[in-house]
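I have a structure here, written as structure tokens, and I will follow up with some questions on it.
The values are calculated or read from the model by the stated rules, or taken from the named source; none is laboratory data. Remember, it's a predicted structure, so these values are computed and weren't measured experimentally. Cβ placement follows ideal geometry from the backbone for every residue including glycine, while neighbour counts extend to all protein chains displayed.
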Amino acid sequence: MAIPTHRVRALMLVVFWALASSAQPAEKHATQNIIFVMTDGLRWQEVFRGAESSLIIKKYKVKNEAPLNKAYWRETPEARREALMPFLWSTIAKEGQIYGNRDKGSDAYVTNGLYFSYPGYSETFCGFADPYINSNDKIPNPNVTVFEWLNKKEAYQGQVAAFAAWDVFPYIFNVARAGFPVIAGYDPLRELADDPRVDLLNHIKAETPQVWDDEPFDVVPFYTALEYLKDRKPRVLYVSLGETDDWAHEGNYPEYLNAAHRADEYLRVLWETAQSMPEYRGRTTLIFSPDHGRGDGRKWTDHGEKLSSSKYIWMAFLGPDTPALGERSNIPAVTENQIAATLAAFLGEDYPAEVPKAGKPLADVQH
């Protein structure tokens, strides 16, 4: 017996809406993986304006202005910033979003009131400022970070890893409790020690002369993290770079700029590596930010509660769920304590539901 035409149409309509409804969740949360990179104390001024001419002087370790100007000086802020951080401005700022250009009415700032590293990282990872975290001492963080929170969920267990230059990170993440690997300072990556590339990186880390007691140059933790990404394919990878802060504290403006430029190159390598792998291609969101800002002008070397301008930061997002709104302008301020919930939301997880004091996810970075 033939089915009446109107019933066929009704059935087709039901099937269409069922298929459309089933497609929506996947479209809403295309992100299945997070790569989160931070570079310590990189100012919003260089990120948005590029190299600052008043700092290209002998006082700040500039031995020869010509090569530095050739590398980073251009006539306009837009050209200067792209010379300094080409991947950020040619890719992330065009295909994703970046916040924090105070010249364009986009403020991003720290809420902890201290404006230095441990409090900044803890605020970023936990989603709130804790008055107990008031030094850079190696004290295990009493608060659970969003990384630990994710790692305790079945879908992410054993799929979270952190690599950092600074040797305080095992305490910031409370590695003894957190349950995921945190490779920081001069510690080797033992998990892949049989890999010849990792073995070489471990030797370089151990045998390179130590300029700073608490961290190696960024190149070693970065490439170690890259090898881990390719081999273990974690769903959540964190990478922290430290040279931007170290060179700034030493008043070395050329090396500070060079460190920022390398950080940008590392972002490009991470992103292109991820896009070359089926596990990550089209399924990964990249987040990039600092832990605090720095002083204005000739106070650029320092930061802390006595320099209120060092509360200002920036943050950038790139991935399949982020609308290409580019450089944000004339918008409400965003804060460091929103990053944890935003990271979780990209994965379809509601962090503030379990941590009510955490900042809420950024509204515009996801469809």
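Can you tell me which residue among ALA129, ALA51, ALA79, ALA83 is in contact (Cβ under 8 Å) with a residue 60 or more places away in the chain, aliphatic (A, V, I, L, M) and within 30 Å of THR284 (Cβ to Cβ)? Steps first, answer last, please.
Working: ALA51 fails: within 30 Å of THR284 (Cβ to Cβ); ALA79 fails: in contact (Cβ under 8 Å) with a residue 60 or more places away in the chain; ALA83 fails: in contact (Cβ under 8 Å) with a residue 60 or more places away in the chain.
On inspection, the qualifying residue turns out to be ALA129.
Right, another one. Select from the stretch 133-151 the residues that are not in a loop (DSSP other than H, G, I, E, B) and not acidic (Asp, Glu) and list them in ascending order.
Filtering the stretch 133-151 for residues not in a loop (DSSP other than H, G, I, E, B) gives 146-151.
Scanning the stretch 133-151 gives VAL146, PHE147, TRP149, LEU150, ASN151.
OK, next. Just to be sure before I move on: is THR145 under 22 Å from the mean Cα position of the chain (by Cα), surrounded by fewer than 22 Cβ atoms within 10 Å (Cβ to Cβ) and among the β-branched types (Val, Ile, Thr) in the structure I sent?
The answer is no for THR145.
Additional query: Within the stretch 164-196, can you find the residues that are assigned to a helix (DSSP H, G or I) and under 25 Å from the mean Cα position of the chain (by Cα)?
Listed by number, the residues that qualify are PHE169, PRO170, TYR171, ILE172, VAL175, ALA176, ARG177, ALA178.
Just one of (1) in contact with a Leu (Cβ under 6 Å, 6 or more places away or on another chain); (2) part of a loop (DSSP other than H, G, I, E, B) trips up SER106, so point out which.
In the conditions (1) in contact with a Leu (Cβ under 6 Å, 6 or more places away or on another chain); (2) part of a loop (DSSP other than H, G, I, E, B), SER106 misses (1) alone.
Against the definition (buried (at least 24 other Cβ atoms within 10 Å of the Cβ), within 13 Å of the chain's Cα centre (by Cα) and under 16 Å from ARG43 (Cα atoms)), how does ASP291 come out, yes or no?
yes
Okay, moving on. Here is a list: GLU123, GLU154, GLU82, GLU75. Which entry is surrounded by fewer than 20 Cβ atoms within 10 Å (Cβ to Cβ), in the same structural domain as TYR266 (by TED's automatic domain parsing), among the charged types (D, E, K, R) and not in a loop (DSSP other than H, G, I, E, B)?
Working: GLU123 fails: surrounded by fewer than 20 Cβ atoms within 10 Å (Cβ to Cβ); GLU154 fails: not in a loop (DSSP other than H, G, I, E, B); GLU75 fails: not in a loop (DSSP other than H, G, I, E, B).
Being surrounded by fewer than 20 Cβ atoms within 10 Å (Cβ to Cβ), in the same structural domain as TYR266 (by TED's automatic domain parsing), among the charged types (D, E, K, R) and not in a loop (DSSP other than H, G, I, E, B) holds for just one of GLU123, GLU154, GLU82, GLU75, which is GLU82.
Okay, moving on. Does GLY251 satisfy being touching a residue at least 40 places away in the same chain (Cβ under 8 Å), over 20 Å from TRP314 (Cβ atoms) and not acidic (Asp, Glu)?
On the way: touching a residue at least 40 places away in the same chain (Cβ under 8 Å): yes; over 20 Å from TRP314 (Cβ atoms): yes; not acidic (Asp, Glu): yes.
Answer is yes for this residue.
Surrounded by 14 or more Cβ atoms within 10 Å (Cβ to Cβ), touching a helix residue (DSSP H, G or I) at 6+ places or on another chain (Cβ under 9 Å) and outside any loop (DSSP other than H, G, I, E, B): does that describe LEU88?
yes
Follow-up question, since we're still on this one. Restricting the search to the stretch 325-365, which residues are of a type in the set (Lys, Arg) and either in a helix (DSSP H, G or I) or more than 19 Å from PHE48 (Cβ to Cβ) (or both)?
Passing the criteria: LYS357, LYS360.
OK, next. Working carefully through the options ASP167, ASP199, ASP194, find the one that is buried (at least 18 other Cβ atoms within 10 Å of the Cβ) and of a type in the set (Asp, Glu). Don't jump to the end; show me each part of the working.
Working: ASP199 fails: buried (at least 18 other Cβ atoms within 10 Å of the Cβ); ASP194 fails: buried (at least 18 other Cβ atoms within 10 Å of the Cβ).
Only one candidate passes the filter, namely ASP167.
Oh, and also: Can you tell me which residue among ALA71, ALA30, ALA66, ALA26 is modelled with pLDDT under 95 and farther than 17 Å from ASN101 by Cα?
It is ALA26.
Hey, can you tell me all the residues within the stretch 329-367 that are under 17 Å from ARG102 (Cβ atoms) and buried (at least 24 other Cβ atoms within 10 Å of the Cβ)?
Result: VAL334, GLU336.
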